[in-house]
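Q: Structure in structure tokens, see below.
Where a number appears in this text, it was derived from the coordinates with a stated rule and is not lab data. These numbers were taken from a predicted model, which means no experiment stands behind them. Glycine also receives a Cβ, built like all others from the backbone with ideal geometry; neighbour counts cover every protein chain displayed.
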Amino acid sequence: MNTNSSDKAHGGAGSPGERDSDSDNDDEVYDTLSPLPNDVLNNAVEFNDLGTEEGPAPSHHDYYDQQCPESSGADPFSPVAAPTTAASRRRSVEASSGRPIFPVHNPTKQDLTHARKILEALQTKHGFVTPDRGNLDDPSILWKEGKPDYTIADMVYMLGKTKNHAPGSLEETVENFVKTWEMEATHKEFYQWTTVDQSSYEVQANGGKVYSSYEAPWVGNYNWLLSTCDKELYDSTNETFESSHGKFRYAFPEGFPFEVLEVFSGPPKITFTWRHWAIFSGEFEGHKGNGETINMTGFGVAYMNDKLKAKKIEIYMDSNSFLQVLRGKKKCMEGINQGMAVGEPIAGGVESLASMMEVLALEEKEIESLGDAGDGMIREESTLGENGTGKSSGFCPFSGMSLS
């Protein structure tokens with residue numbers, strides 16, 4: 001895939017995945033963010049872990065959460081005010097922008113509650129449909145590290161997607177197929193995968209080595225996807241499934257979303273363009289991100305059998321540019337005119353999230369001002385569901401008071 005600001009080779013499971021919100025001008029994303037309440041900004045938690053677009057997976061870094069001291073009577077919007085909202089648990093804050101980070105791996109109860117409400121608002125306003133990754137509640141599935149929760153992954157995906165494919169369309173079907181395949185490659189043992197023909201499954205990146213079913217699931221998607229890149233940038237032969245996932249989760253705390261852009265042919269030979277993106281708010285092998293959006297586009301081919309199981313998957317992308325950005329050897333703006341053209345995020349991306357969090361803080365403050373009378377009260381309709389921004393005139397469904 002060519003990179004629009006370089007992104008990663010494969011999403012959550014290590015396949016073309018999803019991107020968090022971004023703009024064509026990555027440098028502008030954080031310059032134009034709406035300011036967040038001082039209550040949130042003053043209570044940043046150092047974030048030392050990350051997850052993937054496709055939900056939590058093997059971790060290699062600890063996520064540090066902390067309780068914020070509570071005080072009463074302070075105005076969270078005053079420059080000198082002490083923290084005061086109802087929620088006591090605080091997510092980390094991206095240093096360069098002040099934007100709160102929703103970690104995919106090890107999220108707090110507050111993170112998940114806020115993400116669910118934002119998801120509801122996005123679906124109501126834009127008509128988005130939750131991705132279908134199959135039956136994750138199937139009791140027969142033996143998860144590698146527990147059943148994944150895609151709440152935050154789906155929120156990040158909806159915030160950043162540039163396409164809204166019609167329900168039942170070929171584009172939506174292919175996108176769900178890739179998401180399910182990514183989920184299985186990350187979280188399930190190979191013998192339980194339902195998306196591939198296990199007797200003939202093989203994968204290949206950029207016309208390089210073909211990995212068979214005896215090797216691909218254990219090498220991991222990141223490693224075979226990056227197998228053709230410059231070894232000085234990433235040597236997949238020195239990485240394991242676990243180490244590769246750890247590196248990219250540490251770089252992208254909020255995951256690595258994926259969307260299908262266009263589908264050119266259906267089964268048995270599916271050909272499509274795709275986009276991966278992420279906010280580089282973590283660290284990759286010693287190089288710290290500054291919150292820029294890394295955007296990658298590419299081309300995919302999936303050869304299906306008569307039961308619509310993948311026999312072979314080929315992915316084409318500019319992996320070198322992606323890795324050069326992660327190592328600080330290339331600026332995110334470089335490569336912005338490469339690859340498939342993509343539009344602006346439908347839901348407004350990061351800017352939209354920031355404004356939603358402002359509404360959340362205002363509504364929490366209203367509930368807290370009611371004291372015991374407001375404890376547990378939830379407004380029937382959220383202002384966010386109506387217009388995505390603006391101050392609420394009622395009780396906040398995001399309130400952290402219900403999380404105690």
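Q: Gain in length, H126 to S169, computed as 0.36 nm per residue apart minus the alpha-carbon separation, to one decimal in nm? Show your work: numbers first, answer last.
A: Details: separation 43, 0.36 × 43 = 15.48 nm, distance 1.73 nm.
Here the segment from H126 to S169 would lengthen by 13.7 nm.
Q: Here's something else I'd like to know. Once you put a point 7 Å from the Cα of N135 and another 7 Å from the Cα of K269, both along the Cβ direction, what distance in nm separates them?
A: Going from the N135 label point to the K269 one covers 3.5 nm.
Q: How high is the relative contact order of the stretch 153-283? Use alpha-carbon pairs under 8 Å, at least six apart in sequence, and give a whole percent. Don't skip to the end; give the middle numbers.
A: On the way: 148 pairs, mean separation 29.4, N = 131.
Here the relative contact order equals 22 percent.
Q: Relative to the present Cα-Cα distance, how much length would full extension add between T194 and V301 at 0.36 nm per residue of separation?
A: Values: separation 107, 0.36 × 107 = 38.52 nm, distance 1.82 nm.
Extra length available between T194 and V301 comes to 36.7 nm.
Q: Classify the stretch 125-218 as rounded, prolate or oblate, taking a ≥ b ≥ c as the square roots of the eigenvalues of its Cα gyration tensor: rounded when a/c is under 1.5, otherwise prolate if a/b is larger than b/c and oblate if not. Working shown, then result.
A: Working: a/c = 2.10, a/b = 1.41, b/c = 1.50.
Oblate, because a/c is 1.5 or more while a/b does not exceed b/c.
Q: Let me ask something else about it. Would you please calculate the Kirkwood hydrodynamic radius of the stretch 270-312 over all C-alpha pairs and express it in Å, rounded to one decimal? All intermediate terms of the calculation are to be shown ahead of the outcome.
A: Values: mean 1/r = 0.0772 Å⁻¹.
About 12.9 Å, per the Kirkwood formula over Cα pairs.
Q: Suppose the chain between L142 and E285 were pulled fully straight at 0.36 nm per residue; how much longer would it get relative to their current alpha carbon spacing?
A: Full extension of this stretch gives 48.3 nm more.
Q: Hey, if you put +1 on the Cβ of every Lys and Arg and -1 on every Asp and Glu Cβ in the stretch 226-307, which of T271, G282, T240 ends up farthest toward the positive end of that dipole?
A: Going by the Cα projections, it comes out as T271.
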